[in-house]
1. Can you tell me how many residues within the range 320-352 are within 13 Å of ligand 1 (Cβ to nearest atom), at pLDDT 95 or above and not hydroxyl-bearing (Ser, Thr, Tyr)?
2. Evaluate the range 499-510: report whether one residue or more is among the polar types (S, T, N, Q) and crowded, with 16+ Cβ neighbours inside 10 Å.
3. Please verify whether the range 197-220 includes one or more residues that are more than 16 Å from ligand 2 (Cβ to nearest atom), touching a residue at least 60 places away in the same chain (Cβ under 8 Å), buried (at least 24 other Cβ atoms within 10 Å of the Cβ) and on the phi > 0 side of the Ramachandran plot.
4. Might you check whether a residue that is more than 16 Å from ligand 2 (Cβ to nearest atom) and buried (at least 17 other Cβ atoms within 10 Å of the Cβ) occurs anywhere in the range 320-333?
5. Quick check on this structure: which one of 321, 286, 310 is on the phi > 0 side of the Ramachandran plot and within 21 Å of the chain's Cα centre (by Cα)?
6. Every residue in the range 201-221 that is of a type outside the set (A, V, I, L, M) and within 11 Å of ligand 1 (Cβ to nearest atom), please.
7. Residue 379 passes all but one of (1) touching a residue at least 24 places away in the same chain (Cβ under 8 Å); (2) assigned to a helix (DSSP H, G or I); (3) out of contact with any Lys or Arg (no Cβ under 8 Å at 6 or more places or on another chain); which number fails?
8. Check 305, 310 and return the single one that is out of contact with any Gly (no Cβ under 8 Å at 6 or more places or on another chain) and within 16 Å of ligand 2 (Cβ to nearest atom).
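The values are calculated or read from the model by the stated rules, or taken from the named source; none is laboratory data. This is a predicted model, so every value here is computed, not measured. All Cβ positions, even for glycine, are placed from backbone atoms using ideal geometry, and neighbour counts span all protein chains on display. When the accessible area is computed, the model is the full protein with side chains, heavy atoms only, and any ligands, DNA or RNA have been set aside. Shrake-Rupley method; radii C 1.70, N 1.55, O 1.52, S 1.80 Å.
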Amino acid sequence: MSRNLSALSGRKGLKKNLFEQMAQISVNDGGSPAEAHLAKLADEFLMGDANTYGSITAYDFMKPENRGKEIYVCNGSACLCAGTQDEVQEKILEHFDAAAIGHMTCLGRCHENSAFSYKNQNYSGNSINQLAEIIKKEKHSKNGRYSVSAARPVLTGDFRSFEAFRTLLEKTLARPSAEILGEIRDSEIRGRGGAGFPMHIKWESCRNEISDEKFIICNADEGDPGAFSDRYLLEEQPLMVLFGMMVAGYCTGANWGVIFIRAEYPEAVEIIQQAIHKLHELNLLGDQILNSEFNFNFKVIKAQGAYICGEETALINAIEGQRPEVRTRPPFPAKQGLFLKPTVVNNVETLAAATWIVQHSGKEYAAMGTEKSRGTKLISLDGLFQKPGIVEVEMGTPLGTVIEEYGGGFRKGVKALHIGGPLGGIVPIEKINSLSIDFESFASQGFLLGHASVVCIPEDFPMIKYLEHLFEFAAFESCGKCFPCRLGTKRAHQMLSGAAHEMKAIDRNLFMDLLSTLQQGSLCAHGGGIPLPARNALQYFNDELSLHFS
Ligand SMILES: Cc1cc2nc3c(=O)[nH]c(=O)nc-3n(C[C@H](O)[C@H](O)[C@H](O)COP(=O)(O)O)c2cc1C
Ligand code: SF4
């Protein structure tokens, strides 16, 4: 991160945003900005073209080598385990040159698989068999069907009318902001983006900063392959998410809500934009909302394809138009975030939950769940479940209940569950009954709840290939800022790839040493977290893996 570049980008701020400008010229120039256009932009922002070039080369949808891609195949973990993507690729090759086919990880269609993206629309399930009609525009994108079930609907409840939005906003603005913040404190909610950090501490810290400008950022860059619960909220509960952001603004004194949505979710971008447009029409945004002293506006930023932008400081760099590299902390974003101003970054689900907390009460929320993990949690079940989809359960619900009652069990033999995204743990099937859905249960057993996405690893899927896939992903998505991760993820991928395809034995001591270096030496949880699933796999699937290790 460069403070200088942050300040330069901040001169034009959100109104003429550098990142958006780069994305726009990328579209105009056929998928990657032409050098001359990029140089002109760098001049305008006084940045120097090395900076703008450095930025665009970090994104799948702006880097020069991806210019001319017309169609993208999902290569996320759930589609990989479902074994659907070779056929998808073959069928696409009947219509497109190999050079026109790109890859995206992941499209969030993990419940249906066979996922691909064409002309900014996502498809899954049986759609690949209708590709000719889709190309001729005779068929349109279908939002792949998934079931939504909940024992106690909080995030899956009904907050869909603009009337309900207005009523709750009136009630909220009639109460002092400190009192509303008190509800968040009483709820004891912890962030749902992975780290489980208490929400009220972040908000209080930002509130206590004195600044002419503050920001709320909704982290809607849900990049974990296997996760689609944020997509559910963005597409089906947009008002719940937007209201949560406004509450955050009211409590902290921020007047801007930036919602950074991954480009792989084009439908979500559109739905959120439409909801914001309608809120403007109803005078529920802008200055002195409902005759109060509260001013708030939204800015939607469409991401450009880089997993690391899910990490909050890389995300801030991205919005500033800098290369999305992780920042060292302190200072934390709540003190110095976007354009060096106090900024709250929260996950989509955390913000949506804030709406329910304000609508009901902090105490009512805290009455759900366990002592340390309050409230409810959304879980994404992939296509190998009998009933794939979104499940909402109270924290503390046994994992076995989620799998059997809500998921209906598996469609085929499964040996392990990869829970919590690529940095989450690999849970062998025999451990299911010892886990419940809460932060502590997973941590105490050597796993990670993370975002609570569940990817099934079938019995016939070689574990060595699964690890190879994970480290390929980790190496590709490393921001490159620190060398343990930049080099270590690549080296681990080489070792696993050699073992999986050329029967080259991996030196176990060397590999374990590499995992320790990644874990201890990495700057952020990307490099620091990727050893966890590898260690789980080596512990629980040693019989299967030992033939690849010396
Ligand atoms: C590699 C990496 C990827 C991440 N991806 C996401 C993500 O997709 N969505 C998210 O909300 N948080 C993600 N996080 C966590 C964020 O850095 C941050 O902790 C979170 O957005 C804070 O929100 P919360 O307090 O509501 O959980 C990621 C972290 C790392 C290290
Ligand atoms: S651990 Fe990886 S992703 Fe995180 S800062 Fe280091 S290089 Fe970047």
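1. From the range 320-352, those within 13 Å of ligand 1 (Cβ to nearest atom) are 324-327, 329, 332-334, 337, 343-352; that's our starting set.
Filter once more, so that each one left must be at pLDDT 95 or above: 324-327, 332-334, 337, 343-352.
Add one more test, that the residue is not hydroxyl-bearing (Ser, Thr, Tyr), and what stays is 324-327, 332-334, 337, 344-349, 351-352.
Qualifying residue count, the range 320-352: 16.
2. No, the conditions are met nowhere in the range 499-510.
3. Within the range 197-220, not a single residue is more than 16 Å from ligand 2 (Cβ to nearest atom), touching a residue at least 60 places away in the same chain (Cβ under 8 Å), buried (at least 24 other Cβ atoms within 10 Å of the Cβ) and on the phi > 0 side of the Ramachandran plot.
4. Initial filter on the range 320-333 (more than 16 Å from ligand 2 (Cβ to nearest atom)): 320-321, 331.
Within this subset, residues satisfying the condition of being buried (at least 17 other Cβ atoms within 10 Å of the Cβ) are 320-321.
Within the range 320-333, one or more residues are more than 16 Å from ligand 2 (Cβ to nearest atom) and buried (at least 17 other Cβ atoms within 10 Å of the Cβ).
5. Values: 286 fails: within 21 Å of the chain's Cα centre (by Cα); 310 fails: on the phi > 0 side of the Ramachandran plot.
Result: 321 is the single residue among 321, 286, 310 that is on the phi > 0 side of the Ramachandran plot and within 21 Å of the chain's Cα centre (by Cα).
6. Within the range 201-221, the subset of a type outside the set (A, V, I, L, M) is 202-209, 211-215, 218-219, 221.
Result: 202, 203, 218, 219, 221.
7. Unmet condition: (2).
8. Working: 310 fails: out of contact with any Gly (no Cβ under 8 Å at 6 or more places or on another chain).
Going through 305, 310 in turn, the sole match is 305.
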